[in-house]
Amino acid sequence: MASPALFVRLSKVALLGNLVSVQRLFSMFPTGMAGIALVLLRLSVAVMLLMLGYPRGGSNSSIWAFAGLAVLAMFFFLGALTPVLSVVVCGIEIAAIFLLKNVDTIHMLFSIVDTAALGLLGPGGYSLDARIFGRRRVILSTDDLADLP
C-alpha cells in the first residue's frame, strides 16, 4: 500500500506541471539574445515569402501578387499580428507547393517549419506585438506615484 506522503509529493508535481502548462499559454515577449534571434527568424520568414512571389524572368507572376506578399512580409518582419500571419503564410506556402510549378519542395517545407516555429514562439520583445500587447505598468492615481522607488 502506498504511503500518504507519496500522494502529497505526486500532487505537488502535478500542480507544478499544471502551472507550467498554463504559463506556456501566454507570450512572454523575450528581449535580449532571444529577442534578437526572433527578429532574425522573422526576417528569414519574410525573405522566404518575398522569394516565393518574386517575378522571375519569363514567368507569368503577377506584380500584384508580389505586392501583396511584400505587404505580408513587411508586417511579418515588424512583428504585427505574428500568430495570425503565421497561419496565413503557412497556408500560402502549402498552397504554393501544390499550385506553383518549379518550386523547390524541400525549400518550401523548411520555410513552412520556420513559419510554424515562429508562430508557436511568438514575435519577441522587439516587435509591434510587444508594443501593443506587452506588459504595462498601470498607475491608478497620483497617490500611487509616491510609492514608486
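Stretched out fully, how many nm does the piece from Ile63 to Ala95 gain, at 0.36 nm a residue minus the Cα gap? List each step's numbers first, then the result.
On the way: separation 32, 0.36 × 32 = 11.52 nm, distance 1.84 nm.
In short, 9.7 nm is gained.
Once label points are set 7 Å from the Cα along Cα→Cβ at both Thr105 and Leu40, what is their separation, rounded to one decimal in nm?
3.1
Please give the contour-minus-distance gain from Phe133 to Ala80: 0.36 nm per residue of separation, less the Cα-Cα distance, rounded to one decimal in nm. List each step's numbers first, then the result.
Values: separation 53, 0.36 × 53 = 19.08 nm, distance 1.03 nm.
Extra length available between Phe133 and Ala80 comes to 18.1 nm.
State the extension gain, in nm to one decimal, for the chain segment bounded by Val87 and Ala116, taking 0.36 nm per residue of separation less the distance between their alpha-carbons. Before the final figure, lay out the partial values.
Details: separation 29, 0.36 × 29 = 10.44 nm, distance 0.75 nm.
Value of the extension gain: 9.7 nm.
Since every read-out is calculated from the coordinates, none of them should be taken as a lab result. The structure presented is a predicted model; accordingly, all values stated were derived computationally and were not measured. Neighbour counts run over all protein chains shown; Cβ positions are idealised from the backbone, glycine included.
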